[in-house]
Amino acid sequence: MTQSDEELHPSPHQRVEEQGYRHVGHVLHPDQDLTVVVGPLRRQALAAGEPVVIACPEQVASLLVAALDGAGEVHLAPDQRSDERPPAVLAAIADLIDEQAPGDGHRLHLVTGPGGPDGDPAVSVQIEALLNHVLAERPVDQLCLLGPATEEGPDVEAAARATHPWLLTAEGVVRSPDFRAPEELLREVQRAMVPDPLEETEPTLAITDLDDMRALRRALNRVLADSALSADAAQDFVLAIDEVTANANEHGVPPVDVRLWCTPERLLCAITDRGTAFDDPLVGYGPAHGDMSVGGMGLWLARRSVDSLTATPADDSGDGCTVRLVVNAG
């Protein structure tokens, strides 16, 4: 028996089990007719009177707009670039949703991606995992187009299954059997990033038992003036270090040590105190969506100013906390 279009692509109201965010992933494949896979799903949303927003690269957006022509209310939005820092991408998508949400009890249907071939796969995984956290309460169906998959590149299929609770397949929308909670996945990503190889070299600046924040800022400005960072990027880095160091002084256990490494490609600052490492990799990803106590606001500001921020125990015994901030100079 041949399944009908409705059976392969159940309506949004049939598939949504809760009123919040539904995150659907689909990995592109060579020679695939995207409109055949994506078109029926979004046409049903339009038939239900729910708006569709397409925020994809121009070529993909044109195909989808043509496939949905005349079916209902379709809006085009700027491509949400996946090669930006995660907090910037998350904020842009949240703002887009808030701007386009119908606000009348209907759901918004958003299509994003695929990202560019030069994007960092680790950053993409972080963004896709964090969307489940940041957008959890918004009445949105987001379809993320990923890939395309290649033999030489990272395992896009595995990443899609791990970061999306739902997958769009030839059989329709199905639950991902390998979905992982965002905090679990982010902890794994963080563990893979530390220790940083730069820490095996002599630091450019080292301050032990910090007791003067103004002296720290002066030293940082002096060193970064000779670095590969622009003046604006250097000031953002100083702001991030200042916020994290203030958190260590306020919520950690002294002494607080600061070490900075500068190379033409990357800059790393490691801030260590003797307190307990905070074990929530989700904190600081948006003041409107997370707990801003225990330094959350400072971490939100810091995350927006650097390419990577990780927090781990300072040593193998679990004593102390080291927060590492990385900025790519290229």
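Can you tell me which residue within the stretch 204-225, out of those that are open to solvent by 50 Å² or more (accessible area, probe 1.4 Å) and free of Cβ contacts under 8 Å to residues at least 24 places away in the same chain, is nearest to VAL253 (Cα to Cα)?
Start the filter on the stretch 204-225 by keeping residues that are open to solvent by 50 Å² or more (accessible area, probe 1.4 Å), which leaves 204, 206, 208-209, 211-212, 214, 217-218, 221-222, 225.
Pick out the ones that are also free of Cβ contacts under 8 Å to residues at least 24 places away in the same chain and you get 211-212, 214, 218, 221-222, 225.
On the way: ASP211: 13, ASP212: 16, ARG214: 20, ARG218: 24, ASN221: 26, ARG222: 27, ALA225: 31 Å.
The extreme case among them is ASP211.
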- Evaluate the stretch 123-140: report whether one residue or more is part of a strand (DSSP E or B), in contact with a Phe, Trp or Tyr (Cβ under 7 Å, 6 or more places away or on another chain) and either touching a residue at least 12 places away in the same chain (Cβ under 8 Å) or surrounded by 15 or more Cβ atoms within 10 Å (Cβ to Cβ) (or both). yes
- Check the stretch 75-96 and report whether any residue there is open to solvent by 30 Å² or more (accessible area, probe 1.4 Å), more than 19 Å from LEU135 (Cα to Cα) and part of a strand (DSSP E or B). yes
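If you go through the stretch 166-178 one residue at a time, do you hit one that is under 25 Å from GLU99 (Cα atoms) and in contact with a Lys or Arg (Cβ under 8 Å, 6 or more places away or on another chain)?
Of the stretch 166-178, the ones under 25 Å from GLU99 (Cα atoms) are 166.
Checking the rest, the ones that are also in contact with a Lys or Arg (Cβ under 8 Å, 6 or more places away or on another chain) come to 166.
Looking through the stretch 166-178, at least one residue is under 25 Å from GLU99 (Cα atoms) and in contact with a Lys or Arg (Cβ under 8 Å, 6 or more places away or on another chain).
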- Residue pairs meeting the criteria (Cβ under 7 Å; at least 6 apart or on separate chains; first open to solvent by less than 70 Å² (accessible area, probe 1.4 Å), in the stretch 56-71; second of a type in the set (D, E, K, R) and assigned to a helix (DSSP H, G or I)): LEU68/ARG42; LEU68/ARG43; ALA71/ARG43
- Which numbered condition VAL194 fails, given (1) open to solvent by 70 Å² or more (accessible area, probe 1.4 Å); (2) within 28 Å of ASN132 (Cα to Cα): (1)
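The values are calculated or read from the model by the stated rules, or taken from the named source; none is laboratory data. Everything quoted here is computed from the prediction, not taken from an experiment. Because the Cβ atoms are built from the backbone with ideal geometry, glycine has one as well, and the counts that use them run over all protein chains shown. Areas reflect the complete protein model, heavy atoms only, side chains present, ligands, DNA and RNA absent. Shrake-Rupley method; radii C 1.70, N 1.55, O 1.52, S 1.80 Å.
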